[in-house]
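Visitor: One structure is given below, represented as structure tokens, and several questions about it will come after.
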Amino acid sequence: MKITFNVDCTPAEARAFFGLPDVQPVNDMIVSSMVERTKQNLDTLSDPKAFWERAMATGTGNMEAFQNMFAAGMKASGGSDKK
């Protein structure tokens, strides 16, 4: 036996029905913050050299942090000789 229900409602009505919170104010705050930061850093888009300098400075720091985290995990686990 197969039963199908089709419910025609808006996302807000569905959230209210299931008791889920309305996250629209939080979403609006995050989006406005991203727009402001984009406007503040818009100058780097017009200057390719500044864009890549900033991107590479961030990228290498993240890679080093990942390598350090991986090394610390290997050290904590006893390395690869542990079975």
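The values are calculated or read from the model by the stated rules, or taken from the named source; none is laboratory data. Remember, it's a predicted structure, so these values are computed and weren't measured experimentally. The area values use the complete protein model at the heavy-atom level, side chains included, leaving out ligands, DNA and RNA. Shrake-Rupley method; radii C 1.70, N 1.55, O 1.52, S 1.80 Å.
Visitor: Counting just the residues of segment 28-61 that are open to solvent by 100 Å² or more (accessible area, probe 1.4 Å) and not charged (D, E, K, R), which one comes out modelled with the highest pLDDT?
Guide: That would be 29.
Visitor: Out of 5, 17, report the one residue that is in a helix (DSSP H, G or I) and open to solvent by 100 Å² or more (accessible area, probe 1.4 Å).
Guide: 17
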